[in-house]
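The values are calculated or read from the model by the stated rules, or taken from the named source; none is laboratory data. All of these numbers come straight from a predicted model, not from anything done at the bench. Quick reminder, even Gly has a Cβ in these numbers, built from the backbone with ideal geometry, and neighbours come from all protein chains shown. The protein model used for the area step is the full one, side chains on, heavy atoms only, and it has no ligands, DNA or RNA in it. Shrake-Rupley method; radii C 1.70, N 1.55, O 1.52, S 1.80 Å.
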Amino acid sequence: MSQEPRYGLPAAHGLYDPSYEHESCGIGFIANIKGERSHAIVRDTALMLTRMEHRGGCGCESNTGDGAGMLTALPVEFLAKVAQRDLDIELPPEGRFSAGIVFLPTDREFRRECRDTFERFAAEEGIRILGWRQVPTDPDKADIGATSRRCMPVIEQVFVAASESIADREAFERRLFVLRKRVSHALREGDHPQAELFYVCSLSTKVIVYKGMLSTHQLVPFYPDLSDEDYTSHLAMVHSRFSTNTFPS
């Protein structure tokens, strides 16, 4: 019988203390100084990420990475396409909606509780839920190792919109930040065994983050969204994680 994976950091014991957790990572950034969007920005930044393999760590399996991710501007055209195709919804104008990437627990009942809590706090902040989209992933194409697969959460994209009571984009951005913090504190600090599997990677009108317990070469194959030609951005930043005296949780 396989052992249930542990989530989060262990308590202090022996020579280990979680307060000493730190990282020594690689980062890269590409931007169009004129603010012009293109898929080439995403593609070139993904290539740069693969050139930072030496700045990322791996586990006992060569195909279990320490962590890799990409931040881009919110790809509004791409999101409008998938929202219509996958959820049959039409998104509000840019600045009045967000699409957040959310890690959810594998436990079905607790996952439902996480969504319900998110939606309840969203309503309290004057934020409308438009729908939840299952983010396409391809662990086989990305050759994800056994350790990463055991810890893999359910990955969804939540589409939200500002209510009429929210005056402008910056006010909406502040509400999204508060919502993210409220939900995270309420769920991640609970006593459910999978509490720390809930995590909001990003929730903003301006940027979005795709990431995971991946190596530099696994990020794009794992997330087909990033290969879509309609996914455009005027900037992109990548991160290759190398944990130093840390647990790759």
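Observations
- Identity of the residue in region 53-85, among the charged types (D, E, K, R) and at pLDDT below 70, that ends up farthest from the chain's Cα centre (by Cα): Glu61
- Within region 232-245, considering residues that are surrounded by fewer than 24 Cβ atoms within 10 Å (Cβ to Cβ) and assigned to a loop (DSSP other than H, G, I, E, B), the one modelled with the lowest pLDDT: Asn245
- Among the residues making up region 195-211, those that are at pLDDT below 95 and open to solvent by less than 20 Å² (accessible area, probe 1.4 Å) are Ala195, Leu197.
- Which listed residue, of His185, His192, is touching a residue at least 60 places away in the same chain (Cβ under 8 Å) and not aliphatic (A, V, I, L, M): His192
- Test: Thr137 is under 24 Å from Val42 (Cα atoms), part of a loop (DSSP other than H, G, I, E, B), open to solvent by 30 Å² or more (accessible area, probe 1.4 Å) and among the β-branched types (Val, Ile, Thr): yes
- Among the residues of region 71-95, those identified as in contact (Cβ under 8 Å) with a residue 40 or more places away in the chain and surrounded by fewer than 18 Cβ atoms within 10 Å (Cβ to Cβ) are Glu77, Lys81, Asp86, Leu87, Ile89, Pro92, Glu94, Gly95.
- Sole residue being touching a Pro at 6+ places or on another chain (Cβ under 6 Å) and either under 25 Å from Val76 (Cα atoms) or assigned to a helix (DSSP H, G or I) (or both), chosen from Arg175, Arg150: Arg150
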